[in-house]
1. Restricting to region 236-249, what's the tally of residues that are over 12 Å from Ala174 (Cβ atoms) and surrounded by fewer than 20 Cβ atoms within 10 Å (Cβ to Cβ)?
2. Just need a number here: residues in region 121-165 that are on the phi < 0 side of the Ramachandran plot, surrounded by 13 or more Cβ atoms within 10 Å (Cβ to Cβ) and assigned to a loop (DSSP other than H, G, I, E, B).
3. Show the residue pairs meeting these rules: Cβ distance below 6 Å; 6+ apart or different chains; first residue within region 100-116 and in a helix (DSSP H, G or I); second residue among the small types (Gly, Ala, Ser) and surrounded by fewer than 24 Cβ atoms within 10 Å (Cβ to Cβ).
4. Just to check your reading of the model, which residue among Ala184, Ala172, Ala180 is of a type in the set (A, V, I, L, M, F, W, C), without any contact (Cβ under 8 Å) to a residue 60 or more places away in the chain and touching a Phe, Trp or Tyr at 6+ places or on another chain (Cβ under 6 Å)?
5. Filter region 237-282 down to residues that are free of Cβ contacts under 8 Å to residues at least 60 places away in the same chain and not aliphatic (A, V, I, L, M), then give me how many there are.
6. Out of Val48, Val18, Val62, I need the residue that is touching a His at 6+ places or on another chain (Cβ under 8 Å), open to solvent by less than 20 Å² (accessible area, probe 1.4 Å) and not hydroxyl-bearing (Ser, Thr, Tyr). Which one?
7. Quick check on my filter: what residues within region 160-182 are basic (Lys, Arg) and out of contact with any helix residue (DSSP H, G or I) (no Cβ under 7 Å at 6 or more places or on another chain)?
Amino acid sequence: MQLFIGFDVGGTHIKHGVINENGEELTSDEYDTPDDESTFKEKWKTVVDKYCQEHEIASIGVSFPGHINHHTGEAAKAGALDYLDGENLCELFAQLTDLPVTIENDANCAALGERWQGAGKDYEHFVCITIGTGIGGGIVMEGDLYRGSHYRAGEFGVLPVGNEGEPMHEVASASGLMKACRRALAVSEDEMPDGEELFKRMDSDVHLREAIEAWAHCLSRGIYSVISMFDPQAVLIGGGISEQEKIYLLLDKYLQRFEEWEALRVPILPCELGNQAGRLGAVWLAKQKQARSA
């Protein structure tokens, strides 16, 4: 059975593991994201060399933030890893290993991971919206990614959904929710409850409830826009906040206010794979590339 290395490169941590061709992860670990290119390459190579000593690896899949040209490996923007802006990642990784390396945008990889092993298994057409520090997205059409002409499809975070036209990144992300709740509670960042506690307290705190409802209203505008544009079979919500059941009740409340919602309505579901989705999606792409070249 073929084995693959999957990497999920984030702004804070880089998660990695060995995954077989059936999508089963045999081992996984993570390390802090380096602050410079030299250390990034050194740590990445160390992980690859270790796995290659322990296993016979067929190829490597890398989930990477930013605007990634899947075909050439060029990263016009590399997300939080700005020291790699403008780099050709295929060439960079080719200096570090003789194994084939496949690279794709992280939100796209998360969507493909869910398509392979998660909440998207039953759908040929769906949209994945990842809610974290910002908002990203992956679009699956006819079972494959829709990347757009400039490899930027799914940048849902720029949709203007606020009352003053603020983008989703600002007012509908998890960080946007935390800022709004902090203002409502009038507490410092250190004193802020975690997300689960906030949703528990909203029933007894009118100011907190208003902040969360306003956030959900903005998020519903973005989701409605995405559904009206792509007509998916389902919308999958990713990110830690997607585990809060009250979100879906709030979204339903506000989506029902849109005139065409009954005609456009599709299931809105939490992703199932958590932070494993990115590296699974990257391995799925590596697996497909390996099969085509065989």
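1. Summing the residues that are over 12 Å from Ala174 (Cβ atoms) and surrounded by fewer than 20 Cβ atoms within 10 Å (Cβ to Cβ) in region 236-249 gives 4.
2. Of the residues in that region, 14 qualify.
3. Sorted first by the residue in region 100-116, then by its partner, the pairs are Trp116/Gly23.
4. Just a single option satisfies the conditions, and that option is Ala180.
5. 18
6. Exactly one residue qualifies, and that residue is Val18.
7. Lys179
Results for (1) of a type in the set (Phe, Trp, Tyr); (2) not in a strand (DSSP E or B), shown as yes or no for each residue.
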position: Phe4; (1), (2): yes, no
position: Phe7; (1), (2): yes, no
position: Ile14; (1), (2): no, no
position: Gly17; (1), (2): no, no
position: Asn22; (1), (2): no, yes
position: Asp35; (1), (2): no, yes
position: Lys41; (1), (2): no, yes
position: Tyr51; (1), (2): yes, yes
position: Gly61; (1), (2): no, no
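The values are calculated or read from the model by the stated rules, or taken from the named source; none is laboratory data. Please read these numbers as outputs of a predicted model, since none were measured by experiment. We place every Cβ from the backbone using ideal geometry, glycine too, and count neighbours over all the protein chains shown. Surface areas here come from the heavy atoms of the whole protein model, side chains and all, with no ligands, DNA or RNA. Shrake-Rupley method; radii C 1.70, N 1.55, O 1.52, S 1.80 Å.
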